[in-house]
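Report on the following structure.
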Amino acid sequence: MSGTSDLKILSGSSNVDLAEAICGHIGCRLTPVLREQFSDGEIRIEIDDNVRGDDVFVVQPTSSPVNFHLMELCLMIDALKRASARRITAVVPYYGYARQDRKVLPRVPISAKLVADFLTVAGMHRLMTIDLHAGQIQGFFNCPVDNLFAAPVFLEYFRDLGDDIVVVSPDAGGVERARAYAKRLDAGLAIVDKRRDAPNQAKAMHLIGNVQGKTAIVLDDMVDTAGTMCAAGQVLADNGANKIFACATHPVLSGPAIERLDKSVFSQILVTDTIPLDARKRTCQKIQVLSVSELLSRAIMNVHGETSVSVLFV
């Protein structure tokens with residue numbers, strides 16, 4: 001692509017492969033960054049290229065270990081600010097702490113807002129992310145936020161599954177997302193009623209909608225311990241679904257997730273590369289990873305070229 005003379009793309013340590021894939025689509029190289037730790041665990045950052053007056057994009061999902069990757073991102077942004085970068089865009093495909101976006105109990109923090117403040121104080125001018133857990137988190141920032149959707153990546157795959165499809169939300173909170181997919185696939189919609197007994201524990205109760213003899217796609221923005229996802233899949237199997245897929249943008253996959261997914265009723269679990277899979281997570285043969293690198297590269301070039309990003313929203 002042309003017009004990249006003052007474009008710089010940097011990567012933190014959380015997902016270098018994704019950053020390199022983005023550069024491959026754009027036709028540029030990653031700007032070298034020294035990322036080290038002192039003996040006491042403090043992070044050392046040094047930008048190894050001139051960025052004065054440049055339009056800089058820092059690729060860093062705040063995935064596990066989330067606190068380390070968040071601090072590394074803030075330090076990179078601060079270094080760029082002090083090196084006189086013209087504009088700093090944090091490309092955070094997975095925004096950690098997003099589930100703590102409101103007060104659900106007395107005397108608890110709104111962690112998603114605090115993270116937004118960290119990034120803003122560090123010197124970020126713009127945020128680019130994918131499938132925020134709650135769209136309202138955009139309001140925590142006093143700068144432009146591009147909340148991209150992974151839908152184009154998944155829809156291309158789902159259209160090959162046939163006509164008799166039903167999109168399933170594993171809880172009431174995901175109905176809007178599931179409805180958007182169902183509309184674009186000209187598919188049915190179903191909802192699994194879920195009751196959560198404790199954090200990271202969920203019990204699926206019953207199904208709203210018809211999945212008998214259909215291909216069901218359980219859709220969520222992330223899969224963490226996979227309890228909700230697997231419980232929803234079992235409800236669909238019990239109600240006569242012919243074939244069952246799971247789909248989640250962010251493969252957090254913590255705790256017993258891999259074991260649960262291995263034993264689940266899903267034929268396939270589709271995720272994206274917003275979070276890299278380590279060797280243990282790659283042992284699950286049901287997981288297929290689709291890349292968001294092209295989507296992010298197009299968004300970066302549109303922002304850099306001062307053209308519309310909304311053309312990428314579906």
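See the values below:
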{"read-out": "Filter result (closer than 22 Å to A151 by Cβ and in contact (Cβ under 8 Å) with a residue 24 or more places away in the chain) within the stretch 127-140", "value": "L127, M128, T129, I130, D131, L132, H133, A134, Q136, I137"}
{"read-out": "Filtered residues of the stretch 12-43 (kept if closer than 21 Å to S64 by Cβ and among the basic types (K, R))", "value": "R35"}
{"read-out": "In the stretch 235-257, residue nearest to N210 (Cα to Cα) [restricted to those that are touching a Ser or Thr at 6+ places or on another chain (Cβ under 8 Å) and surrounded by fewer than 20 Cβ atoms within 10 Å (Cβ to Cβ)]", "value": "N242"}
{"read-out": "Criterion: in contact with a Gly (Cβ under 9 Å, 6 or more places away or on another chain), closer than 30 Å to V145 by Cβ and among the β-branched types (V, I, T) - qualifying residue of T225, T215", "value": "T225"}
{"read-out": "Residue identified as hydrophobic (A, V, I, L, M, F, W, C), in a loop (DSSP other than H, G, I, E, B) and closer than 22 Å to V145 by Cα among A79, A85, A112", "value": "A85"}
{"read-out": "Residue match in the stretch 91-112 (condition: touching a Gly at 6+ places or on another chain (Cβ under 6 Å) and within 20 Å of V252 (Cβ to Cβ))", "value": "no"}
{"read-out": "Residue tally, condition surrounded by fewer than 22 Cβ atoms within 10 Å (Cβ to Cβ) and more than 13 Å from A237 (Cα to Cα), over the stretch 204-225", "value": "7"}
{"read-out": "When residues of the stretch 27-60 are limited to those that are in contact with an Asp or Glu (Cβ under 8 Å, 6 or more places away or on another chain) and part of a strand (DSSP E or B), the one nearest to I88 (Cα to Cα)", "value": "D55"}
{"read-out": "Residue that is nearest to A90 (Cα to Cα) [pool: residues in the stretch 17-26 that are in contact (Cβ under 8 Å) with a residue 12 or more places away in the chain and surrounded by fewer than 17 Cβ atoms within 10 Å (Cβ to Cβ)]", "value": "D17"}
{"read-out": "The listed residue being surrounded by 15 or more Cβ atoms within 10 Å (Cβ to Cβ), in contact with a helix residue (DSSP H, G or I) (Cβ under 6 Å, 6 or more places away or on another chain) and in contact (Cβ under 8 Å) with a residue 12 or more places away in the chain, out of L295, L290", "value": "L290"}
{"read-out": "Residue match in the stretch 90-113 (condition: closer than 22 Å to S291 by Cα, without any contact (Cβ under 8 Å) to a residue 40 or more places away in the chain and surrounded by fewer than 23 Cβ atoms within 10 Å (Cβ to Cβ))", "value": "yes"}
{"read-out": "Exclusive hit being within 15 Å of the chain's Cα centre (by Cα) and assigned to a loop (DSSP other than H, G, I, E, B), set L253, L295", "value": "L253"}
{"read-out": "Any hit, the stretch 30-43, residues being touching a residue at least 24 places away in the same chain (Cβ under 8 Å), of a type in the set (K, R) and farther than 19 Å from E294 by Cα", "value": "yes"}
{"read-out": "Pair list, Cβ < 6 Å and 6+ apart or interchain, from the stretch 261-279 residues that are assigned to a loop (DSSP other than H, G, I, E, B) to residues that are hydroxyl-bearing (S, T, Y)", "value": "D273/S291; T274/Y94; I275/S63; I275/Y94"}
{"read-out": "Some residue of the stretch 142-161 being modelled with pLDDT of 95 or more, in a loop (DSSP other than H, G, I, E, B), over 23 Å from L18 (Cα atoms) and in contact with a helix residue (DSSP H, G or I) (Cβ under 6 Å, 6 or more places away or on another chain)", "value": "no"}
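Each row is one residue, and each column tells you yes or no for (1) in contact with a strand residue (DSSP E or B) (Cβ under 9 Å, 6 or more places away or on another chain); (2) of a type in the set (A, V, I, L, M, F, W, C).
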{"position": "K8", "(1), (2)": "yes, no"}
{"position": "G12", "(1), (2)": "yes, no"}
{"position": "E20", "(1), (2)": "yes, no"}
{"position": "C28", "(1), (2)": "yes, yes"}
{"position": "D40", "(1), (2)": "no, no"}
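The values are calculated or read from the model by the stated rules, or taken from the named source; none is laboratory data. Owing to the predicted nature of the structure, the values given are computational and were not obtained by experimental measurement. Neighbour counts run over all protein chains shown; Cβ positions are idealised from the backbone, glycine included.
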